[in-house]
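Each reported figure results from applying straightforward, stated rules to the coordinates on display, with no laboratory input. For clarity, every value in this text was computed on a predicted model and none was experimentally measured. Note that we place each Cβ from the backbone using ideal geometry, even for glycine, and neighbour counts take in every protein chain shown.
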Amino acid sequence: MMIAAARETLSLITANLWQTGVRALFRFYQNKAGLTQDETWIELRKELEICVAHWKEPAEEWEFQLVRAILVEEHNVTVEEANALYIRDPGTPIIDALRTCISRVDK
């Protein structure tokens, strides 16, 4: 019973490290593709929608807007938000979407 209660959670350091990394990847993709911030988000969102299509509960608009706000530095992720994102999908959908977008520019 104690083991179930000791579920893995993200720390402030982990959340900040993740945020710094995805922001850097977002800017890298933007610069490499020669896109505006809005164009970059539009392309990334298309890929992100594919990456989360398998979710039992479909992604909601506010979730996409939160991710966008984090990536364009309009909002700093909180530990609670980071943990909610992690619980929603412990994988790496944002990084996977960025990886796909960046790989298209490399071709």
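Numbers at a glance
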quantity: Entry for Cα extents along the principal axes in Å (calculated from the structure that is shown) out of (1) 148, 23, 8; (2) 57, 33, 14; (3) 52, 29, 25; calculated: (3)
quantity: Inter-label distance, nm, simple model (7 Å from Cα along the C-beta direction), Lys46/Glu73; calculated: 2.7
quantity: Whole-number percent relative contact order across the chain, with pairs defined as alpha carbons under 8 Å at least 6 apart; calculated: 44
